[in-house]
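Reviewing the structure listed below.
Read the figures in this text as sums done on the coordinates, not as results from a lab. None of these values were measured; they are calculated from a predicted model. All Cβ positions, even for glycine, are placed from backbone atoms using ideal geometry, and neighbour counts span all protein chains on display.
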């Protein structure tokens, strides 16, 4: 991973035919275009592929990496209707459609938070298309909560009362400029532990220009909130169905991955490691460890 041969990422739009609705998925492409895709990276709820540029760019010395913008995020041109959503299977279907559109050999899937879970659901359903999985503090609820989310009378009303859902709905969506958004976020709230370069990349890829000269969140607050409340998918069942090796890097503080390091006894394909001192924003705080995990999986 020689810094001298880093390549600037390129923005691409890949048409996909997803069961959730066809359109174009925006991706940021790192590395040599002449080789097959090695890694597809999937971002967290409310973020975008560009957010992880500093994490992924060093991999471009020898690997080809696609950082996607999921439905309702970044530059992707895919309809995002937050009403009546109960799970992340629409996002899984989009990723399955992307792998089909790439039409090549199996890839490594990697993702942060929601992106890690969507990657897990995808790997379980497409064993021939995925040869390895890296999840950076994925969202894996306790089994009982996952079971409750599937019950037919859990329409989503109770989930919509979650503090994360309410907080997302209250997010300020419009700023005078990207610079104003960067200033408002810097050193505050969820961004407190972020390096400024990664915050700048998040802002750069996470806003769209408006006709009045202002900028607006590409991920609408209602769509972000729907991702928090739509929990009727089953990562535990997906882990049981995995046929590829999987590695979970779990935050020591405030982790959303409710799995212990002994999980491999029941799910032999899954290895769990706790990263000392890290919060849920592990890729921002320890990009070195996250990058090494992805590199090892992609080159093994």
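All C-alpha pair distances within the stretch 53-96, sorted into 5 Å bins from zero, spread as 5, 18, 22, 18, 15, 12, 7, 4, 0 percent across the bins.
When the Cα atoms of the stretch 48-196 are aligned to their principal axes, the ranges along those axes come out at 45, 43, 29 Å in descending order. Using a Debye calculation, one point per C-alpha and no hydration shell, please list log10 I(q)/I(0) for the stretch 124-247 at q = 0.17, 0.23 Å⁻¹ in order. The computed values of log10 I(q)/I(0) come out as -1.04, -1.22. Among 175, 47, a tally of other beta-carbon atoms within 10 Å of each Cβ gives an order, fewest to most, of 175, 47.
How many percent of DSSP beta bridges within the chain run antiparallel, rounded to 5?
Details: 17 of 42 bridges.
So the antiparallel bridges in the chain amount to around 40 percent.
Between the labelled values [x] 77, 49, 32; [y] 55, 54, 41; [z] 66, 42, 39, the entry that holds Cα extents along the principal axes in Å as derived from this structure is [y].
What percent does the relative contact order of the chain come to when contacts are Cα pairs within less than 8 Å and at least six residues apart?
Details: 654 pairs, mean separation 62.0, N = 300.
Result for the chain is 21 percent.
One Cα centroid belongs to the stretch 9-47, the other to the stretch 185-244; the line between them spans 16 Å. Using 0.36 nm per residue and subtracting the Cα-Cα separation, the extra length available between residue 177 and residue 17 on full extension is 54.2 nm. Between residue 271 and residue 103, the modelled label-to-label distance comes to 3.5 nm, taking each label 7 Å out from Cα in the direction of the beta carbon. The distance between label points at residue 210 and residue 299 comes to 4.6 nm (points 7 Å beyond Cα on the Cα→Cβ vector).
Arrange 56, 91 by Cβ neighbour counts within 10 Å, fewest through most, would you?
Ascending Cβ contact count within 10 Å gives the list 56, 91.
Residue exposure proxy: 300, 119, ordered by other Cβ atoms within 10 angstrom of their Cβ from fewest to most, comes out as 300, 119. Based on DSSP H segments of at least four residues, each scored -39500 (n - 2.57), the chain has a per-residue ellipticity at 222 nm of -9000 deg cm²/dmol.
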